[in-house]
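Colleague: This is the structure I want to talk about, given as C-alpha cells.
Quick note: the coordinates plus some simple rules give every number you see, no bench work behind them. Note that the coordinates shown come from a computational prediction; the quantities given were computed from them, not determined experimentally. Note that each Cβ is placed from the backbone with ideal geometry, even for glycine, and that neighbours are counted across all protein chains shown.
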Amino acid sequence: MNLFGKKQMEPHNHIVDELSQKGLRMTPQRLMIVAVVENSTNHISVEEIYAQVTEKYPNVNISTVYRTLDTLEELKLVTKTDLGDGRVRYHPADKGHHHHLVCRECGAIIDLDEKALTGLQETLLRDYNFIADLRHLGISGICIKCNRQVVKKE
C-alpha cells in the first residue's frame with residue numbers, strides 16, 4: 001500500500017539516481033512528483049500531478065511541480081507533449097517513444113508508432129540539414145469517424 005492507498009508509488013531508481021548525481025536534493029515533494037509521473041498509466045498534466053501530490057502534501061506549491069518537471073525534462077527523463085486540449089502532458093521517457101494523432105473534433109487520441117515518422121526525420125536531415133527531435137509528438141487532425149460526420153452534413 002502506498003501514500004495514496006493504491007499500488008506502490010516509488011520512482012524508478014534511475015531517475016532518483018540521475019537527480020542525485022546532478023546534486024539535486026531528493027525532497028519528499030520531488031520524490032512524490034517523480035512517483036506520480038512514473039506510475040501514471042497515461043500522459044499526465046501538471047494539474048493532475050499536483051492534485052495527486054497534494055493528497056499527501058497539501059502545502060506543496062504548484063510551482064514546485066512545474067520546476068521539478070522542467071528539471072526532469074532538461075535531463076531527458078520525461079517527455080512533454082501537447083495533445084491539443086490546452087494542457088501540456090508528461091510521460092516518462094523510459095516508457096518508449098511514440099506519437100499521437102489527436103482529433104480536433106472529438107478529442108480521440110490514437111497512438112502512432114515512432115517508425116511512422118522515420119521517413120520524415122530522414123527527409124528533414126537530408127533536405128534541410130535539420131536533426132528533428134521526433135521522440136514524442138501530438139499531431140492534430142480529424143479522425144475518420146468525425147470526417148464521415150462532416151461529409152454527411154455536406
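Colleague: Using a basic spin-label model with each label point 7 Å from the Cα along Cα→Cβ, how many nm lie between Lys95 and Arg67?
Modeller: 2.5 nm
Colleague: Evaluate E = 1/(1 + (r/R0)^6) for Cys106 and Lys80, where r is the Cβ-Cβ distance and R0 equals 35 Å; express this FRET efficiency to the nearest 0.05.
Modeller: The value I calculate is 0.90.
Colleague: Moving on. For Ser45, enumerate residues with amide H under 5 Å from its amide H, sequence gap 5+ or separate chain, H modeled in the peptide plane.
Modeller: The answer is Tyr90.
Colleague: May I pose another question? Enumerate the aspartates and glutamates that Lys56 could reach by cross-link, defined here as Cα to Cα under 18 Å, with residues fewer than 8 away along the same chain left out.
Modeller: Those aspartates and glutamates meeting the cut-off are Glu10, Glu38, Glu47, Glu48.
Colleague: How far apart, in nanometres, would the label points at Glu122 and Ser140 be if each is projected 7 angstrom from Cα along the Cα-to-Cβ direction?
Modeller: Output for this residue pair reads 3.1 nm.
Colleague: If I take every Cα pair under 8 Å that is 6 or more residues apart in region 30-113, average their sequence separation and divide by the length, what percent do I get for the relative contact order?
Modeller: Taking the mean separation of contacting Cα pairs over the length of region 30-113, I get 25 percent.
Colleague: Can you list the aspartates and glutamates whose alpha carbon is less than 16 Å from that of Lys115, not counting same-chain residues fewer than 8 positions off?
Modeller: Asp133
Colleague: Please state, as a whole number in µm²/s, the translational diffusion coefficient that the Stokes-Einstein equation yields for region 31-154 at 4 °C and 1.567 mPa s, with Rh defined as the Kirkwood radius across alpha carbon pairs.
Modeller: Reported coefficient: 79 µm²/s.
Colleague: Counting only residues 5 or more places away or on other chains, whose amide H sits under 5 Å from the amide H of Ile139 once H atoms are built in the peptide plane?
Modeller: His100, Leu101, Val102
Colleague: Right, something else. For a paramagnetic label modelled at 7 Å from the Cα of Arg87 toward its Cβ, which residues of region 33-48 fall within the zone defined by backbone nitrogen distances under 12 Å?
Modeller: Taking a point 7 Å out along Cα→Cβ of Arg87, the residues of region 33-48 whose backbone N falls under 12 Å are 43-48.
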